[in-house]
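J.: One structure, pasted below without further comment.
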Amino acid sequence: MLSNLKRDIPRLLSLAGPLLVGQLAVIAFGVMDTAMVARYSTDDLAALAMAGSIFISIYVGLTGVISALAPIAGQLFGAKRFSEIGEEVRQGWWLSLGLSIFGMLILMNPGVFLSIANASPEVEVKAILYLQIVAWGLPASLAMRVLVAYHNAISKPAVVTWLQIGGLFLKIPLNAWLIYGGFGVDAMGGPGCALATVIINWLWFLTMLIIVYQGKFYKIFSVYEKFSRPDTHKIGTLLKLGLPIGLSYLIEVTSFAFMALFIAKLGTVPLAGHQIVANLGTVLYMLPLSLSIATSTLVAQSLGADKPILAKEIGWSSLVFTTTLCVLVGFLVWIFRYPLLDLYAPSADVRSMAIPLFLFIAFYQIFDALQVTSAFILRGYRVAFWPMWIYAISLWGVGLGGGYILGFNLTGNIPEILQGAQGFWFANSLSLAIAATFLINLFKRTARRFEREHPPVEV
């Protein structure tokens, strides 16, 4: 095991490092939007929060479908079938176009979703405008996700990362100009950051197209070799893998979204405390997520090269390494919980509500690392259907259902320490532990099956 770790960890880190930086840059987009719109008006901030939650739910689900390209192209890369990767990219673009049309129709007509929030007419108008603007960036964004999956599959994530960093620096002046107005442009408020995002999405996509076209490294993949019509078989293969992945993403997003909605019923103070800890948790999650994406790439490449034993060893190395790192992070979060909380400068009431939740966010790092790593290992094997059901049962059933019972003390005998927001966080931690257990077991069974089907060649 130790020799495997020494072999696999440098490869994981070389891929995960750029991915982590890129993920943090993307998170910074949302943080920047919130901070800058908050300075404009309360109504615009409320509209951003409402519209943003709708957009993220749709976007994450659609990008999950697109991400199916990564393990497919990764296996082709491992098998050195380079020209076939170009065909998969072209079919991925057709799929992204279809998904874009579907997503745009929803974003252009968000009335059903907004009616749930029961917001004021002023806020609702701004939220509708935000969604209608950001919809025009969806084709570029999803087409860009095809190129992101492509670069992950061929172990070149740094190219995308540099573009994401560049976009972040461009986002600041664009936001300031469009939100607050100036140079002949009227102030747009919240919808202004939507327009800034659309502009950057299209610039990202067009720039990446040029890079892929001009770069000598990309020639072997034949992305621009010919025009390809939609291939129902290849698109069907992408959908067969991508739809469960997209639904898994949606389950994760909605489980946390509804968790926040339920906690909101407890009052503004519990919600504020939860939001601080949840925000910190999102940042911490980028570490195991980046390592997991890198793991999926290496597993897929190994399987494509007909090396199932190596794929299994990489999977276990990543599970051990990622979990160890996350345990360390969890320990540090608990030790430095007070300084971390001070960064948000909360009121005394919110502070006292948030502090106990740090125990859960520190403790569940081990389960979060195990579940996300296992899920991405399985995606490297092109297994996504059963993980989707595992997520649905654990995150929705145990996490949300159990959290509701505990948080609101429905049985009348729940210990006080497990009531309120703490109950929801306890149930969420338990759901991640259950998901991790089943996903690891599924990985074991999948790896054994692949070894039986692809035994080592005897010399």
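The numbers here are math on the coordinates, done by the rules we state, and not lab data. The structure presented is a predicted model; accordingly, all values stated were derived computationally and were not measured. We place every Cβ from the backbone using ideal geometry, glycine too, and count neighbours over all the protein chains shown.
J.: Suppose a student asked you for the relative contact order of the range 249-453, using Cα pairs under 8 Å spaced at least 6 residues apart; what percent would you report?
T.: Answer for the range 249-453 is 28 percent.
J.: Counting other beta carbons within 10 Å of each Cβ, put VAL329, VAL123, VAL134 in order, fewest first.
T.: Starting with the residue having the fewest Cβ neighbours, the order is VAL329, VAL123, VAL134.
J.: Let me ask something additional. Could you grab the relative contact order for the chain? Cα pairs under 8 Å, six or more apart, rounded to a whole percent.
T.: Reported relative contact order: 21 percent.
J.: Could I ask something else about it? List the residues whose amide H sits under 5 Å from the amide H of PHE408, counting only those 5 or more places along or on another chain, with H placed 1.01 Å from N in the peptide plane.
T.: So PHE408 has HN proximity to GLY420.
J.: Scattering from the C-alpha atoms of the range 22-230 alone, worked out with Debye: what is log10 I(q)/I(0) at q = 0.15, 0.18 1/Å?
T.: -0.94, -1.21
J.: Could I ask something else about it? Order of 334-341, 90-97, 170-177 by packing, highest average Cβ count within 10 Å first?
T.: 90-97, 170-177, 334-341
J.: I'd like the distance between the alpha-carbon centres of the range 160-220 and the range 400-459, rounded to an integer number of Å.
T.: 39 Å
J.: Return the sequence-ordered ³J(HN,Hα) values of the range 387-404 in whole Hz as given by the Karplus equation 6.51 cos²θ - 1.76 cosθ + 1.60 applied to θ = phi - 60°, using x for Gly and Pro.
T.: Result, ordered by residue: x, 4, 5, 4, 5, 4, 5, 6, 6, 7, x, 7, x, 6, x, x, x, 5 Hz.
J.: Pull up the cross-link candidates among the aspartates and glutamates for LYS80, meaning alpha carbon to alpha carbon under 17 Å and not fewer than 8 places away within one chain.
T.: Within the straight-line cut-off, LYS80 pairs with GLU88, ASP306.
J.: Please compute the length gained on full extension between LYS240 and VAL320, using 0.36 nm multiplied by the number of residues separating them and subtracting their Cα-Cα distance.
T.: Residue separation times 0.36 nm, minus the Cα-Cα distance, leaves 25.8 nm.
J.: Additional query: Give the distance, in whole Å, between the Cα centre of the range 307-323 and the Cα centre of the range 1-79.
T.: 22 Å
J.: Then there's this: With only Lys, Arg, Asp and Glu charged, each at its Cβ (+1 for the first two, -1 for the last two), find how big the charge dipole of the range 22-230 is about the Cα centre; round to the nearest 20 debye.
T.: With Lys and Arg at +1 and Asp and Glu at -1, about 880 debye.
J.: Given R₀ = 60 Å, what would the calculated FRET efficiency be for SER228 paired with GLU122, taking r from the Cβ atoms and rounding to 0.05?
T.: Approximately 0.80, to the nearest 0.05.
J.: Please report, in debye to the nearest 20, how large the charge dipole of the range 249-453 is about its Cα centre when each Lys and Arg carries +1 at its beta carbon and each Asp and Glu carries -1 there.
T.: 520 debye
J.: Here is a follow-up. So what is the relative contact order for the range 1-145, in percent, with contacts set as C-alpha pairs under 8 Å and at least six apart?
T.: Relative contact order comes out at 30 percent.
J.: Next question. Beta carbons within 10 angstrom, averaged per residue: use that to sort the peptides 394-401, 252-259, highest first.
T.: 394-401, 252-259
J.: Going 7 Å from the Cα of MET108 toward and past its Cβ, which residues in the range 129-148 have a backbone nitrogen under 13 Å from where you end up?
T.: 132-139
J.: Would you please state the base-10 log of I(q)/I(0) at q = 0.11 1/Å for the chain, with intensities from the Debye formula using one equal scatterer on every alpha carbon?
T.: For the chain at q = 0.11 Å⁻¹, log10 I(q)/I(0) is -0.93.
J.: Same structure again: What helices in the chain pass both tests, a Cα length along the helix axis of 20 Å or more and a mean Kyte hydropathy of -1.0 or higher, using whole DSSP H runs?
T.: Qualifying helices, which must be both long enough and hydrophobic enough, are 2-38, 42-66, 82-108, 121-135, 138-153, 157-180, 190-214, 232-264, 268-304, 308-335, 365-380, 421-453.
J.: Using mean Cβ contacts within 10 Å as the protection proxy, how do 223-232, 30-39, 199-208, 50-59 order, highest first?
T.: The peptides rank, most packed first, as 50-59, 199-208, 30-39, 223-232.
J.: Next question, about the same structure. Quick check: pseudo-label points 7 Å beyond the Cα along Cα→Cβ at VAL31 and PHE336, how many nm apart are they?
T.: It is 1.3 nm.
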